[in-house]
Each structure stands twice: as structure tokens, then as C-alpha cells.
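The block underneath contains the structure these notes are about, expressed in C-alpha cells.
The values are calculated or read from the model by the stated rules, or taken from the named source; none is laboratory data. These figures come from a predicted structure and were not determined experimentally. Here the Cβ positions follow ideal geometry from the backbone for every residue, glycine too, while neighbour counts run over all protein chains shown.
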Number of protein chains: 2
Amino acid sequence: MSLITEIAHNAAQAAKTLALLSTPQKDAVLRGMAGALRASMDEIIRANQQDLEAARENQLPAAMVDRLTLTPERIEDMAQGIETIIELPDPVGTTRELGSRPNGIEIRKMRVPLGVVCMIYEARPNVTADAGALCFKSGNGVILRGGKEALQSSLAIAKVLHGVLETHSLPTALISVIPDPDRSLMMELMQQKDYIDLIIPRGGEGLIQFVTQNSTVPVIQHFKGVCHLYVDKDADLDKALQLLLNGKTQRTGVCNALEGLIVHQDIAEQFLPQAAQALQQRGVKINADQASAGYFDNATVLSDDAFGEEYLSLEIAVKQVADFSAAVAHIDRFGSHHTEVICTQDMQTAELFQRSVDASVVMVNASSRFSDGGQLGLGAEIGIATTKLHAYGPMGLESLTTEKYLVNGEGQIRD
Amino acid sequence: MSLITEIAHNAAQAAKTLALLSTPQKDAVLRGMAGALRASMDEIIRANQQDLEAARENQLPAAMVDRLTLTPERIEDMAQGIETIIELPDPVGTTRELGSRPNGIEIRKMRVPLGVVCMIYEARPNVTADAGALCFKSGNGVILRGGKEALQSSLAIAKVLHGVLETHSLPTALISVIPDPDRSLMMELMQQKDYIDLIIPRGGEGLIQFVTQNSTVPVIQHFKGVCHLYVDKDADLDKALQLLLNGKTQRTGVCNALEGLIVHQDIAEQFLPQAAQALQQRGVKINADQASAGYFDNATVLSDDAFGEEYLSLEIAVKQVADFSAAVAHIDRFGSHHTEVICTQDMQTAELFQRSVDASVVMVNASSRFSDGGQLGLGAEIGIATTKLHAYGPMGLESLTTEKYLVNGEGQIRD
């Protein structure tokens, strides 16, 4: 058995034990993990120093070095993240009634873990603890394949978690770190459909396409975030301005930042000058349709086909529409099924928007930046799906489970 | 645009209209479809004659000719099947509360259609009406790619359904039949991931493997049904005998038939002679472990590794176990995650079985033959999944939908 097959096989075997633990048993282990991370800060930071030295030698970009860096505060955040997961309701074992049939058999559904979840991600050592804890609470084994940049940190964190598993007589294979970031091993990992139930890639579009095309294990796909704010004719314009600035400028390199502003023509004359002033003050580059460009200094005029770009920077596209339907049509054409926001005081319009727009998160009068597992109350987020199978939108514990049918009878047979 | 891309594109466009229809609007169309099928029996049967003549010329096996054959009764069954679907609750648009966050934003989830579902199946003309109606009620466009053996019948049924769609000013692309069963067109169909959200293959394991390996669209996998009945030491043996006979002999060529009998050693001496007599009376061939073989005339002795076969005929494997855990371990090793049954009067044992066994349907004191969408109250079944992503077990309307997040605020922004 190859190393990868052995890791996958052992994770699947270990997951069978975990599937039957009670919530208090699992929470006790998680409490142990949070405590052990705090108690092992020095070791973790020492291992992290090795990764950081290699990063400097390899001249990694500053942003990546920042994501790599672990401090006592960041390790405390990981521990608190696990404590948040302890507080979350455990979906495993919950049942719902589907009623009984005329012959008297009773039908229910019960939530059960998926089995083994594999995370493929880049240089974020905190994923080891976050994903480890989320998968543990939802009863799944996890296989972590992070980038080589964070390998020593990940192994050190995993060692701490393994110590806790051993204290509770649980197999360490429940949280497995691939110790060698070689790409051919990753290819082998993606063929382990007999042992792995789901792969969640987190990273750039290239990584996600690569995994989708090469994996025989089902993959959660998260392509890009082209999120719009539609300012309706019945919007509260003060709120609209706040939602625009927060969505575009609070943080720019993230998938839930705004990339497009859509404005109803009836309020364009009133709203666009305010928007122009505020955006320009914050250095936001403007791309606008012909009708809107005049409100901005130095706006680049966009042709009808040029919308839909994911800028991930201080840049936005502005579009004026004749009515509600045109706004929905624009989103339908250029959105990425991630997050779409309407600002309106008309609750009928708001409801119609929430029904009509095909996106994983559809918001009324709230910032697109809330489209995140933590902000929506799911605990640390394990991923976000922009395709519809199995999960759509931010994924929490429930997304790491499935439902089986329970049928109870008194000896009924079929005629 | 190729024929296949055009069909897929048109179905996706049409599905957007359908996603917004109300339940009464959809039910009115479905009522029209049931009526139109009844009114068009003669045309449908005439088209079916063409398929049957070709079937005779090509000397298709009698079982396939039987599945192909449409009679007034079978068309009436299709119409009644649609009426059953009208009675089912519409999952689309239903919401559930996930609570509010400390900042006051309210989080809900709303069920929405998947978009476009593609069925790939063999010679069953009734799938055209069943799948057409289930996908319509759940708000999805459907693309039907059936075997060439049933093509004229499928086209005739689709024509009837299209007439009803047109009466209601709806696009006929909502129910699209691939008019040419060429395999290269099927390959092209499986690459339409921009327009098709889910492929459900129904047929033999070869077809399902072929689709799984070649499709870039997500696929619902249903491999095989190796279902067991475990007769516990606390079983009501009269019930156990009924469940055994019904599961094994009521119909044999189906995936929810029993293929294995597991007997607790404490009741083996009492139960196995009864089982032997009843099974042998019905001509069931017995394969048994060393411990059980002596109870049967002419049993083939199976080695420990030889269990787990899907017989699909009057044949069964019999295994004696020392205790409950050994029964669960046997199912874990040889089951196919389809349906597993325990017969016991001890409700604690029953509950432990339902928790411990990893199968899409886990039953207590009920026949495995109930593991079917219709029998479980889901209406005509669209498929059954033995893998865990998105759906697990018989799939009804809900499995043809997904949930999006709705977030409602009053202008909240993120710090």
C-alpha cells in the first residue's frame, strides 16, 4: 500500500469510530485541543520560525509571509475558534420526521457524517486547527494537504492535536497531515474515492480547476466572487452609501467584496454624486457604463460586454438600470452565484430580489462582507460553494454531513 | 452552436422562468399533463408499436420488450403518477430560520431548484413522464437521454407534455428529449457543465461507471444493492421469516432485494431450519458459511471472503454471527450502502443498529423492498444514491433542490 493510500485508508477506518461518539465526548476532546494549543504556543512558534526562515530565503511575497506568521495572539485565536465550534449544535444524530405511510411504516431522516474530508489549500497554518476541529465535531476524519510553505507549522499543530486524541484513546489518523507536498502525491490523493468522500480545495481559481479536472472524489467548487450591490429606487441612500463603502473598501482581496454597483435610474442623479465623492476619496478606480460615467472624475467607460470582472482591489464597475428586472438580468449575466445585495426600503421588492436572484447568499440591506461562515454563525468556515450540488454558499458543520433514511415497522412486507 | 449545446443552453434558459412559478401554477400544468396523457393514449401506443416492432426485429430479450411495452393501463399509471406528484409538497421557496446574529442581521435558508437535471437511462419510456413531472414540480428543466429502443415512445410522450407547456405559454425546452441516441452525443452532453447541474444515470453498473468517469457535470452514483437482513437474538421469528421471504423472493432483479441473511448464533438453531424450509420451498439457492450450511440441503459453503455478491436472482448468502457487533462488521465489510434491515423486538438494539450501520436506508422490522421513492412517500423516484454527497438513498423532489442563504439587515456593515 502506498503512503497516500495508507493515509486515506487509515483515515476512513478511524472515521468509523468517530461517527459513533456522543456530542459531549467530542466536545471534551475539542476542549482538550483548545487547551493544548495554548499550552504549546512555544513549540508551535518554533516550528513556524522554520517556515518563516524558508519563506525569507525563497523571497515569498510579504502578503504570503504575513498569512504564514503565527504569533501568540493568532494561536489564541485558533484556540478560541475551537471553543466557538464547541458551542455550535452538533448536527450528527439529529433526526427529522417524514411521516408514516398507509401501511404503518414510519420514515425519518438522520444526519450522519460524510466520512473523510480532504482539504487542499495553500499557505495557511491555521486551517490545520480550524478544519481539524470542524471535521472532528461533525464526525469526519480529515486529511490536510497544505502548501509546503506552512508544512512545519502544520505538522507542529497536528502533533499537538494528536496528543489530545491519544489522551482520549482516539486514533491520530482522524487528523492526518500529508507530510510531503509533492504534486504527484496530490494526484494520487485525488483518486482515493474508496476512502475519501469529499475534497474541498481552497485557493485561487487555478487550484480549484486543477482539482476539479483531476479528482475522481467529488469536489466542492468555489470559483470567484463577483458580488453586486443593487441600489433600488426605494433605497435609503445613507444606508446604500455605507453598504457600498463597506463592501468595496473594508477589505479588497476577498471573494465577498463588492465588484459591481447597480443603480436604479430614478435615484441615479441623487445617489451617484455622493457615491462618486466617497469612492474617489478612498482611491477607488471607477469603470462605468455610458450613463453613469459622467458622475465620476476619470471613469473608464465600459461597453455592455465588459462587466463581470473580479477586481480584488480598489476598483469597481458601475451600471445604471431602467428598472428592477434590468438589475436582476445584469446580475444573472455577470454575477458568479456568490453574494448579491439589494438596498431598498420596499419589502416587496426585497423579497422579490431574494427569490429571483440565483446566488448562494442573497442579502437585503446588509454588507456583502457578512457572507462568511463565521459572520453567518456557522463557526470557522470550511469553504464556500458557488455550485449547487450538496452545498451552496458558506459551509459549516451541517455541510459536512448527509442524511440517511430510517424506516421503522412492525414486520410489514410489500405486496 | 452544436445540437447538444443548443439543447442544454435552451433548457438552462427555460429553467430560469420555471424557477419563479408558484406551486398552484405548476400544479395546474401537471394536471394538464395527466389529462393530456389520458387523452393521447392512442398516439402514444401507436408510437410505442414502432419501438416494439424494432425490438422484435432486433430480437431484444423478453424482459426488455416487457419494460418497453405501453398499454392503456401503463399510460393510466403514468397519469396517476403525475397526480401523485401534484399532491406532494413543493419544496421550492420554503424557508427555514437559522437565527439572528448579535449585530441584528437575520439568517435564513430558502430552497431553490438546481437548474437543469439530465437523466441518462435505458429502455423505459415511462421515465419520460415520471422524470419530466418530478423535475417540473421541483422547478428544474430536464434533459432526457433514454435508450434508442424507446425513442419513438419517449418522443410521443414528450410531444404530449410539450402541448401542455405551450397551452400555459411555457417553453418546451423545459422537457427536452435527446432525439439521437448516438454515444458521441452522450459524451458531449456530459461536458455541458455550464448548463447542466446534475446527471442522474439509471441502469447497470457499466453505464454508471461510464458516466462517472466521463462527466464533468456532477453525477449521482448508484452502484449496487447488496442488502442484508440481520435476525437478532431478540427477533420475532415469525416476522423475521416474512421479512426474509418478502425481501428475497417478492421480486429478485431489483436493487432493494435481499442478498444476505445474517443470523445471531443464539437463535440460529431455532430460526435456520424454518428459513431453510421456506427458502428451499421457493427454489432459493443457498450459499452459507460453515456454521449455517448444515441447516440447508445442498448449500454451497462460502469462505469468509466470498460474501457480498449481488445475485439479483433466487439466491442468497447466509452468515451466522456471534453477536451484534459481528453483524454490523459483516455489513460494514460486504454491504453496498443501499439498505440494511434488522429484525428485533429490543428497541435499544434497533436504535443502535440504525445509528451504527452506514447505509442510505436503515430499517427496523420492515421489508427491504420498501426502499424505494414511491414506498417511502417521495412520489415517483428519480434515482437512488449510494454515495453521500448531495443525496443519500431514494431521491424525491427535495433532492432536486438546493438551499441558498437569505440575509436580512437594516444597513449593518462589518467592522
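Points worth noting:
- Any hit, segment A:214-222, residues being without any contact (Cβ under 8 Å) to a residue 12 or more places away in the chain and over 21 Å from residue A:395 (Cα atoms): no
- Where residue A:106 falls short, out of the listed (1) acidic (Asp, Glu); (2) over 18 Å from residue A:139 (Cβ atoms); (3) buried (at least 17 other Cβ atoms within 10 Å of the Cβ): (3)
- Residue match in segment B:20-31 (condition: in contact with a strand residue (DSSP E or B) (Cβ under 9 Å, 6 or more places away or on another chain) and surrounded by 18 or more Cβ atoms within 10 Å (Cβ to Cβ)): no
- Filter result (within 12 Å of residue B:8 (Cβ to Cβ) and β-branched (Val, Ile, Thr)) within segment B:166-213: B:178, B:196, B:199
- Selected residue (criterion: farthest from the other protein chains (Cβ to nearest Cβ)) from residues of segment A:379-400 that are surrounded by fewer than 23 Cβ atoms within 10 Å (Cβ to Cβ) and under 30 Å from residue B:368 (Cα atoms): A:398
- Within segment B:37-52, at least one residue is of a type in the set (Ser, Thr, Tyr) and under 13 Å from residue B:156 (Cβ atoms).
- Residues being closer than 19 Å to residue B:117 by Cα and not aliphatic (A, V, I, L, M) - total across segment B:19-44: 1
- Sole residue being at pLDDT 95 or above, under 22 Å from the mean Cα position of the chain (by Cα), of a type outside the set (Asp, Glu) and not assigned by TED's automatic domain parsing to the domain that holds residue A:204, chosen from A:371, A:292, A:325, A:303: A:371
- Taking the numbered list (1) within 11 Å of chain B (Cβ to nearest Cβ); (2) buried (at least 22 other Cβ atoms within 10 Å of the Cβ) in turn, residue A:249 passes all entries but (2).
- Matching residues, segment A:58-72, being in contact (Cβ under 8 Å) with a residue 24 or more places away in the chain, part of a loop (DSSP other than H, G, I, E, B) and surrounded by 14 or more Cβ atoms within 10 Å (Cβ to Cβ): A:60, A:70
- Filtering segment B:257-277 to residues that are aliphatic (A, V, I, L, M) and either touching a Phe, Trp or Tyr at 6+ places or on another chain (Cβ under 8 Å) or under 18 Å from residue B:368 (Cα atoms) (or both) leaves B:257, B:258, B:261, B:262, B:263, B:268, B:272, B:275, B:276.
- Listing of helices (runs of 4 or more DSSP H) fully contained in segment A:1-57 that carry 2 or more residues being more than 19 Å from residue A:176 (Cα to Cα): A:23-39, A:41-57
- The strands (runs of 3 or more DSSP E) found entirely in segment B:276-378 that carry 2 or more residues being within 14 Å of another protein chain (Cβ to nearest Cβ), touching a residue at least 24 places away in the same chain (Cβ under 8 Å) and crowded, with 16+ Cβ neighbours inside 10 Å are B:339-343, B:361-366.
- Considering residues of segment A:227-259 that are hydrophobic (A, V, I, L, M, F, W, C) and assigned to a helix (DSSP H, G or I) only, the residue farthest from residue A:307 (Cα to Cα): A:237
- Total residues in segment A:392-415 satisfying the condition of being assigned to a loop (DSSP other than H, G, I, E, B) and at pLDDT below 95: the figure is 2.
- Residue count for segment A:39-51 satisfying the condition of being more than 26 Å from the chain's Cα centre (by Cα) and either outside the structural domain of residue A:146 (by TED's automatic domain parsing) or within 13 Å of residue A:150 (Cβ to Cβ) (or both): 3.
- Some residue of segment A:243-256 being in the same structural domain as residue A:335 (by TED's automatic domain parsing) and over 21 Å from residue A:368 (Cα atoms): no
- If you go through segment B:86-100 and pick out every residue that is farther than 20 Å from residue B:29 by Cα and surrounded by fewer than 17 Cβ atoms within 10 Å (Cβ to Cβ), you end up with 6.
- Of all residues in segment B:322-349, those satisfying the criterion of being touching a Cys at 6+ places or on another chain (Cβ under 9 Å) and not hydroxyl-bearing (Ser, Thr, Tyr) are B:335, B:338, B:340, B:341.
- Checking each residue in segment B:260-275 for being part of a strand (DSSP E or B), hydrophobic (A, V, I, L, M, F, W, C) and touching a Lys or Arg at 6+ places or on another chain (Cβ under 6 Å) picks out only B:262.
- Within segment A:401-415, the set of residues being in contact (Cβ under 8 Å) with a residue 24 or more places away in the chain and either facing chain B (nearest Cβ under 7 Å) or on the phi > 0 side of the Ramachandran plot (or both) comprises A:402, A:403, A:404, A:405, A:406, A:407, A:408, A:409, A:410, A:412.
- Condition broken by residue A:65, with the remaining ones in (1) under 26 Å from the mean Cα position of the chain (by Cα); (2) closer than 28 Å to residue A:92 by Cβ satisfied: (2)
- Selection within segment B:154-183 - in contact (Cβ under 8 Å) with a residue 60 or more places away in the chain and under 22 Å from the mean Cα position of the chain (by Cα): B:157, B:174, B:176, B:178
- Only one of the numbered conditions (1) part of a helix (DSSP H, G or I); (2) under 30 Å from residue A:190 (Cα atoms); (3) small (Gly, Ala, Ser) is violated by residue A:93, and that is (1).
- Test: residue in segment B:220-243 that is surrounded by fewer than 24 Cβ atoms within 10 Å (Cβ to Cβ), at pLDDT below 90 and within 10 Å of chain A (Cβ to nearest Cβ): yes
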